[in-house]
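Note sheet for the following structure.
Each value in this text was obtained by applying a stated rule to the coordinates, not by laboratory testing. Computed from a prediction, not measured in an experiment: that's the story for all the values here. Every residue, glycine among them, receives a Cβ derived from its backbone with ideal geometry; neighbour counts consider all protein chains shown.
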Amino acid sequence: MLDVPGVLFSERSAARLGGKPETGAVRELRLFDPVALGFVRRLFGLAGARVVLPHAWGVGARSTLVQQLDLQVHAFAPAAPGGFGAEVAAYLASAQPTAQNFVVLTADSASVDPSLQSRLIALDPANGLTLDDFKQALDLLGVACPNGLYPPTQP
């Protein structure tokens, strides 16, 4: 379950790239954080992850923009009042077969139901998806990361 604001773009990436993708115009494709997109794509390869995005990113111009990101989107969560967390809960309640192994990546952790807290990776909206968040996602998905995937942390 992958939220978009604060995950695939952040305050840091907006400062670096010159803005945030808010209207869904194709020209905004360059405003998504390429590092965050790389981490999400690695989750596909390593964990076989399938992406469920917020409802708002599956309608209108935003849906066209999302198709260009090559995120292997499995589904869009149904619209639900209460933010991304409520959409995640609605998706999980309706998904067949029931999702057993998943993570919720969002900068809107307050909207996530307490029953999903063990699967939650709460991101800092200022920084977006980081290496530490990526490692935590792999851990929650029960996937060992191959040697050499992480950049060195020591000089």
Rg and Dmax of the stretch 5-71, Cα atoms only, in Å:
11.8, 32
Hey, in the GNM for the chain with a 10 angstrom Cα cutoff, which one of LEU129, LEU65, LEU46 fluctuates hardest?
LEU46
Of ASP108, ASP139, ASP33, the most mobile residue in a GNM of the chain (C-alpha springs, cutoff 10 Å) is ASP139
Using just the helices of the chain, give the 222 nm mean residue ellipticity in deg cm²/dmol: DSSP H runs with n ≥ 4 each add -39,500 (n - 2.57), and the total is spread over all residues, rounded to 500.
-9500 deg cm²/dmol
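Can you sort SER63, SER109 so the residue with the fewest Cβ neighbours within 10 Å comes first? It would help to have the intermediate numbers written out before the result.
Numbers: SER63 15, SER109 18.
The most exposed by this proxy come first: SER63, SER109.
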At 1.002 mPa s and 20 °C, Stokes diffusion of the stretch 88-134 via Kirkwood alpha-carbon radius, µm² per second
184 µm²/s
Dipole of the stretch 11-140 (Lys/Arg Cβ +1, Asp/Glu Cβ -1, origin at the Cα centre): which of SER94, GLN68, PHE134 lies farthest to the positive side?
GLN68
With a Förster distance of 35 angstrom and the Cβ-Cβ distance between GLN100 and ARG12, calculated FRET efficiency to the nearest 0.05 equals 0.55
Relative pair counts by distance (%), Cα atoms of the chain, 5 Å bins
2, 9, 19, 23, 23, 15, 7, 2, 1, 0
